[in-house]
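The values are calculated or read from the model by the stated rules, or taken from the named source; none is laboratory data. This one's a predicted model, so the numbers in the text were calculated from it and none came from an experiment. Cβ sites come from the backbone with ideal geometry, for glycine too, and all protein chains shown count toward neighbours.
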Amino acid sequence: MFRGILLASTCVPALIAAPVSAQEGAGAEIAQAADRAAAPAEPQEGAAIVVTGSRAIRDGSQAPTPVTVISSDALTKAQPGLIAEGLNQLPAFRGSTRPTGGFTAATGPGTGSYLNLRNLGTQRTLVLVDGRRAAPSARDGSTDINLLPEPLIKRVDVVTGGASAAYGSDAVAGVVNFVLDTRFTGLKATLQSGISGRGDVPTYKASLTAGHSFAERRGRIVASASYYDAGGLQSVAERSWGRRATGFLSNPAVPGQLIFRDDLRASTAAPGGLILSGPLAMQQFAPDGTLVPFSRGTLQSGLIQVGGDGAQVFSNLSAAIRTQSYFAHGEFDVTPTLTLFGEGSLALARNHYNQVQQFNLGGFNGFTIYSGNAFLDPSVQQVLTATNTPAFAMGRLNFDFGDPANATAKARTMDFKAGFRFTGPSDLLVEGYYGHSKNRTKIRTDNNVVLERLYAAADAVRDPASGQIVCRVSLTNPGLYPGCVPLNLFGQGAPSQEAIDYVEGTAAYRTDFTQDVADISVRARPFSTWAGEVSLAAGGQYRRIELDQVSDDIGPSVNDATGIRGFPAAYLNQPGGYLLTNVFPVSGGYHLWELFAEAAVPLARDLPFLHALDLNAAVRYTDYSTSGGVTTWKAGLVWEPVSGVRLRGTVSRDIRAPNVPELFAGTFRTPAR
């Protein structure tokens with residue numbers, strides 16, 4: 001929501017008086033309503049043709065699978081920030097991630113605009129740029145569309161089913177094709193800024209695009225650069241509705257029923273520590289280390305209560321993001337029928353957001369405090385001694401550890417493509433290209449907690465020889481946890497900075513994702529039947545994908561917790577040494593080759609009670625180096641009983657093979673949010 005928007009745009013016409021060519025006619029520039037088919041006009045002579053719904057059918061409105069076409073202008077009007085935000089207004093994309101969204105994940109920040117068509121998963125949505133595979137920008141092979149050359153995007157074509165046979169075996173949910181204006185001539189610049197209605201979260205967006213033709217318009221070159229910066233909100237407490245802490249909890253009076261309440265709080269943790277067992281249960285530690293009663297509020301259900309003294313944790317509201325995108329495309333008409341092209345892009349992204357406050361919840365990863373802990377108040381120790389209580393359970397929200405755990409991701413994506421386009425008689429079109437792309441992402445989670453260090457430091461005793469407070473493991477297992485600093489957990493503000501520095505660390509990992517693609521396709525209308533022209537398409541593709549992921553030593557380590565009393569069973573002998581972002585090394589890849597064929601055959605025209613009947617069918621064979629061969633197919637009919645009334649249906653078989661992390665990542669561990 002923007003309170004003020006400054007938008008400046010200039011466009012300088014090309015010095016050479018030439019019309020700007022388009023890849024489709026003017027009709028394709030009109031945004032259609034979601035789930036309606038678009039009917040672009042006939043393209044200008046010599047213009048490239050990109051139809052997402054079919055490789056054989058030139059007019060997407062004639063395909064049995066509806067194609068939604070949205071112009072970039074319509075998307076910008078719907079959401080002036082990023083084109084991805086405009087797409088997210090369509091119901092088909094409601095499951096997509098927002099660029100400023102952030103969440104705690106085992107593999108770090110979940111920010112970026114990853115399209116999730118029909119909410120079937122980003123890994124089942126195929127993203128194309130001008131009909132060619134987009135460069136992946138995440139380790140699962142999905143593409144952050146914020147990194148595409150937005151100033152050159154003319155329109156977006158979306159098909160929501162039956163696309164695997166035509167465009168690739170991983171297009172289970174459908175295909176999203178971004179059509180670029182690679183024949184733009186002139187110069188245009190855009191500067192935009194905005195701010196939220198609360199006067200915070202400023203955004204800045206700038207772009208510069210230039211295009212020029214040469215050699216009597218046989219050659220064309222276009223380049224674009226864009227920059228986007230959005231400030232973040234690191235806590236929902238920045239909004240009044242967030243401070244109300246409204247949410248669902250189970251109704252203890254009616255099993256299986258959820259109720260909606262304000263002021264939800266943790267029922268098993270307090271900022272200074274909440275005793276959960278033994279004779280002192282349901283008392284909390286005051287800042288001076290003494291005990292005071294704990295108010296349980298008006299309603300308790302599991303780990304949640306309404307009101308009272310329980311701790312409240314406010315999650316991240318909006319991530320801070322910064323992206324830069326650079327793109328260049330050049331092409332040259334070697335002959336009137338043969339065009340060569342090359343293009344390259346570089347995209348940089350930085351995302352930062354708070355993950356979660358360091359936590360130790362009773363019933364999950366809380367502390368076990370043993371009688372004799374050197375930091376216990378004497379009055380508390382006296383009760384433990386008098387009642388012969390060996391230990392008690394304690395839950396704590398560690399606000400005094402400083403800033404919450406926060407994640408920063410830096411990504412660099414490079415993509416290079418070169419290819420050709422040949423036209424001939426009978427609407428013959430032969431296209432081929434080779435593409436190489438590489439993404440490197442570095443992610444770190446600061447203010448993270450190292451589990452073995454935390455629980456070793458929590459068990460503090462006095463050294464009989466020196467009388468100093470030390471970690472118990474320093475006496476029982478000397479040298480096993482070097483530098484252990486005892487941690488005072490009794491009362492908010494009790495932990496020393498030295499102890500906090502010991503128990504916290506930084507989880508870090510890096511991924512390198514590489515994709516190589518070689519693709520060729522042929523399309524023509526070689527003959528006609530009495531009902532009309534028959535369109536045929538065929539082609540093949542080779543693709544190789546590799547992932548190399550490396551992490552620090554602590555993330556993949558196993559928590560054997562030797563010598564540590566009270567180490568939670570949830571972590572014991574399990575991999576994952578951090579509280580958050582435990583990522584394991586991955587190295588692997590696969591390659592595949594595909595062959596496809598598609599036909600659009602008119603079956604009948606202008607018969608009584610049958611205005612038109614058309615068949616569209618496609619088949620694709622894919623051979624994976626990891627799992628062997630598989631066949632996908634589709635068959636669809638378009639029936640017009642009378643002019644202006646069209647009925648269509650498609651039956652298809654669509655599949656997706658596992659991506660590299662699914663094949664080779666093995667185990668990872670992260671606690672629940």
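Key figures for this structure:
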read-out	value
Residues of segment 379-429 classified as aromatic (Phe, Trp, Tyr) and closer than 14 Å to residue 275 by Cβ, total	1
Candidates 291, 340, 317, filtered to the one that is of a type outside the set (Val, Ile, Thr) and at pLDDT below 95	317
Cβ-Cβ under 6 Å pairs, at least 6 apart or on other chains, segment 208-228 side farther than 9 Å from residue 332 by Cα and touching a residue at least 40 places away in the same chain (Cβ under 8 Å), far side outside any strand (DSSP E or B) and aromatic (Phe, Trp, Tyr)	211/184; 222/184
Among (1) part of a strand (DSSP E or B); (2) crowded, with 16+ Cβ neighbours inside 10 Å; (3) modelled with pLDDT of 90 or more, the one test that residue 591 misses	(2)
Count - residues of segment 111-135 that are part of a loop (DSSP other than H, G, I, E, B) and buried (at least 24 other Cβ atoms within 10 Å of the Cβ)	6
Test result for residue 630, part of a strand (DSSP E or B), of a type in the set (A, V, I, L, M) and closer than 30 Å to residue 544 by Cβ	yes
Residue within segment 531-543 that is in contact with a Ser or Thr (Cβ under 8 Å, 6 or more places away or on another chain), crowded, with 16+ Cβ neighbours inside 10 Å and of a type in the set (Lys, Arg) present	no
Subset tally (residues that are surrounded by fewer than 20 Cβ atoms within 10 Å (Cβ to Cβ), farther than 21 Å from residue 144 by Cα and among the aromatic types (Phe, Trp, Tyr)) for segment 158-204	0
Filtered residue count, segment 281-325, keeping only those that are buried (at least 16 other Cβ atoms within 10 Å of the Cβ) and part of a strand (DSSP E or B)	17
Segment 386-404, residues that are on the phi < 0 side of the Ramachandran plot and in contact with an Asp or Glu (Cβ under 9 Å, 6 or more places away or on another chain)	401, 403
Residue in segment 600-612 that is without any contact (Cβ under 8 Å) to a residue 24 or more places away in the chain, over 30 Å from residue 404 (Cβ atoms) and part of a strand (DSSP E or B) present	yes
Test: residue 638 is more than 30 Å from residue 552 (Cα to Cα) and in contact (Cβ under 8 Å) with a residue 12 or more places away in the chain	yes
Looking only at segment 497-524, and only at residues there that are buried (at least 20 other Cβ atoms within 10 Å of the Cβ) and polar (S, T, N, Q), the one that is nearest to residue 544 (Cα to Cα)	515
The lone exception for residue 393 - which of (1) touching a Lys or Arg at 6+ places or on another chain (Cβ under 8 Å); (2) at pLDDT 95 or above it fails	(1)
Qualifying residue in segment 190-200 (condition: touching a residue at least 12 places away in the same chain (Cβ under 8 Å), in contact with a Pro (Cβ under 9 Å, 6 or more places away or on another chain) and within 22 Å of residue 131 (Cβ to Cβ))	no
